Amino acid sequence: MASVAKCAATSFRDRVNTQEGLVDRAIFSEDEVYRVELDKIFARAWLFMCHASQLPEKGDFFQSFMGEERVIVTRSRSGEFEVLLNACRHRGALVCRANAGNAPSFTCAYHGWTYDLSGNLIGVPGLTDLYEKSLDRDAWGLRKAAQVSSYRGFIFATLDPEAPPLDEFLGEAGKAMIDKLADYGDVEVVPGIIRHRLKANWKIGVENDQDYYHVGISHASLLDAYGMSRSEVHTRYWQNNEGPSVMGEYGHTTDLMTGHYHATIFPHMSMLTDLLQVVIVRHPKGPREMEMWYFTFVDKNASAEDRKMAIDRNNSRLGPTGMVEQDDGENWEFCTIGANSHAMRDVPFNYQMGLGAGTTGDSGEVGYPLYTGPRTTEEYARWRLKCWAEWMDADSWPDLQAHHSKPGAK
Ligand code: FES
Ligand code: FE
């Protein structure tokens, strides 16, 4: 049987054999792979931070993560969004402990260094008595994300000064994915983010976005509760489901299934816009652990009743005890254990569903290529992992730009 390369010295492209649908299971569990991901993906890509509706006033802030780095997204005095690393320049302690709020400045709890909303060091206890002239305050502000930008109120940041503009990273396909949620109404995020930890690799969570294979199996009890028969589920997800999907540049993917819309902006942001209007982010917390965050979106003009219904709907499905995520989360944890198997380390995971079944071509209409083929397929996962390997093998943004696969390219 054909296999995949195992040696850490080989390229990541060799460990993800999308031609034959074979993927080295260790990429979902290995410490060294994860260390490279933090460097080449999470310190390089544009990452979703939060939505502008969460920071309407000057001084508003929201804590997020870039990889494992804690960051504070602020609305500065000039009204700009800034992304500051939440690590004091003195000894690295947190300068902000609240998840969100409004503050004129951030004071480190250890020795009291104080930073303004743009990260400038504005206060040092004992500056005159203890430092005399040895500390140049201007040189000791908080580290910032290299670039911050937003698209339709969705705020992104990157740690890489060489990253191309957000517009180019998202591409027409990525922007269309965000448009779908932004067009839902005059949207805002309701206060409070659903968060929970899972002992699962972040990529396994992301992959589930367009996994329609599992729905009728993992969520059988939920579908029973909805009164949906097995044959309805099979017809909906496994038969007659040819249609256009998107395998976007840099690994963004979405299906365009009627009544469903699950989109993924590489590496770890997803949007559901069907019954639920949600952004999901999987913050990595190690090779075998992640924290899931769910941002609930509502139309600002919705009635109090509709707003409550949207919130209840999300909580009852996507919270840690939600009817959907309970089923999924347990599976992802077991997948991660399986990925970490020592006895099966030479046996790849199978990604052969729909192999060679569809084609990606220029649609000419929407401004980005469409994939035409079955919607219940592992083509999304194969495409995302192929892109993942290209990110992991690239030495820099210019290298990635020069050597990544273009959707539909022959
Ligand atoms: Fe922050 Fe010392 S660690 S002031
Ligand atoms: Fe699921």
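The values are calculated or read from the model by the stated rules, or taken from the named source; none is laboratory data. This one's a predicted model, so the numbers in the text were calculated from it and none came from an experiment. Virtual Cβ from ideal backbone geometry, glycine too; neighbours counted across all protein chains shown. Surface accessibility is based on the protein's heavy atoms, side chains included, excluding ligands, DNA and RNA. Shrake-Rupley method; radii C 1.70, N 1.55, O 1.52, S 1.80 Å.
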- Message: Quick check on the range 142-162. Is at least one of its residues touching a Leu at 6+ places or on another chain (Cβ under 7 Å), more than 21 Å from Arg44 (Cα to Cα), within 16 Å of ligand 1 (Cβ to nearest atom) and at pLDDT 95 or above?
- Response: no
- Task: For residues that are touching a Leu at 6+ places or on another chain (Cβ under 8 Å) and in a loop (DSSP other than H, G, I, E, B), scanning just the range 10-36, find the one that is surrounded by the fewest Cβ atoms within 10 Å (Cβ to Cβ).
- Result: Glu20
- Which residue out of Asp346, Asp327 is modelled with pLDDT of 95 or more and touching a Ser or Thr at 6+ places or on another chain (Cβ under 8 Å)? Asp346
- Query: If you check Met353 against the conditions, is it closer than 24 Å to Phe28 by Cβ, assigned to a loop (DSSP other than H, G, I, E, B) and either more than 16 Å from ligand 1 (Cβ to nearest atom) or of a type outside the set (Phe, Trp, Tyr) (or both)?
  - Reply: yes
- Note on the structure: For the range 336-356, pairs from a residue that is within 15 Å of Thr376 (Cα to Cα) to a residue that is in a loop (DSSP other than H, G, I, E, B) and β-branched (Val, Ile, Thr), with Cβ under 9 Å and 6 or more apart or across chains, are Tyr351/Thr18; Met353/Thr376; Met353/Thr377; Gly354/Thr376; Gly354/Thr377; Leu355/Thr18; Leu355/Thr377
- Message: Looking at the range 123-146 only, could you name the residues that are free of Cβ contacts under 8 Å to residues at least 40 places away in the same chain and not in a helix (DSSP H, G or I)?
- Response: Gly123, Val124, Pro125, Gly126, Glu132, Lys133, Ser134, Leu135, Asp136, Ala146
- Message: Given the condition touching a residue at least 60 places away in the same chain (Cβ under 8 Å), part of a loop (DSSP other than H, G, I, E, B), surrounded by fewer than 17 Cβ atoms within 10 Å (Cβ to Cβ) and out of contact with any Ser or Thr (no Cβ under 8 Å at 6 or more places or on another chain), answer yes or no: does some residue in the range 301-317 qualify?
- Response: yes
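Yes or no, residue by residue, for (1) at pLDDT 90 or above; (2) within 12 Å of ligand 2 (Cβ to nearest atom); (3) in contact with a Cys (Cβ under 9 Å, 6 or more places away or on another chain):
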{"site": "Arg197", "(1), (2), (3)": "yes, no, no"}
{"site": "Lys203", "(1), (2), (3)": "yes, no, no"}
{"site": "Asp211", "(1), (2), (3)": "yes, yes, no"}
{"site": "Ser229", "(1), (2), (3)": "no, no, no"}
{"site": "Glu232", "(1), (2), (3)": "no, no, no"}
{"site": "Thr235", "(1), (2), (3)": "no, no, no"}
{"site": "Trp238", "(1), (2), (3)": "no, no, no"}
{"site": "Gly243", "(1), (2), (3)": "no, no, no"}
{"site": "Val246", "(1), (2), (3)": "yes, no, no"}
- Query: In the range 250-284, what residues are over 20 Å from Ser405 (Cβ atoms) and of a type in the set (A, V, I, L, M)?
  - Reply: Leu256, Met257, Met269, Met271, Leu272, Leu275, Leu276, Val278, Val279, Ile280, Val281
- For the range 37-103, please list each of the strands (runs of 3 or more DSSP E) lying entirely inside it that holds at least 1 residues being within 16 Å of ligand 1 (Cβ to nearest atom). 69-75, 81-85
- The one condition Ser221 fails out of (1) crowded, with 19+ Cβ neighbours inside 10 Å; (2) within 15 Å of ligand 2 (Cβ to nearest atom); (3) modelled with pLDDT under 90 is (1)
- Which condition number does Ser270 fail, the rest of (1) open to solvent by less than 20 Å² (accessible area, probe 1.4 Å); (2) touching a Leu at 6+ places or on another chain (Cβ under 9 Å); (3) in a strand (DSSP E or B) being met? (2)
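Could you tell me whether the range 181-189 includes any residue that is assigned to a helix (DSSP H, G or I) and either open to solvent by 10 Å² or more (accessible area, probe 1.4 Å) or in contact with a strand residue (DSSP E or B) (Cβ under 8 Å, 6 or more places away or on another chain) (or both)?
Among the residues of the range 181-189, at least one is assigned to a helix (DSSP H, G or I) and either open to solvent by 10 Å² or more (accessible area, probe 1.4 Å) or in contact with a strand residue (DSSP E or B) (Cβ under 8 Å, 6 or more places away or on another chain) (or both), which makes the answer yes.
The rows are residues; the columns are (1) open to solvent by 60 Å² or more (accessible area, probe 1.4 Å); (2) closer than 20 Å to Gly67 by Cα; (3) of a type in the set (A, V, I, L, M); (4) part of a loop (DSSP other than H, G, I, E, B).
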{"residue": "Ala157", "(1), (2), (3), (4)": "no, yes, yes, no"}
{"residue": "Ala163", "(1), (2), (3), (4)": "no, yes, yes, yes"}
{"residue": "Tyr213", "(1), (2), (3), (4)": "yes, no, no, yes"}
{"residue": "Ile217", "(1), (2), (3), (4)": "yes, no, yes, no"}
- Would you point out the residue of the range 320-345, among those that are among the hydrophobic types (A, V, I, L, M, F, W, C) and within 13 Å of ligand 2 (Cβ to nearest atom), that is nearest to the chain's Cα centre (by Cα)? Trp332
- Query: What is the residue count in the range 37-64 for residues that are open to solvent by 20 Å² or more (accessible area, probe 1.4 Å) and closer than 22 Å to Lys199 by Cα?
  - Reply: 2
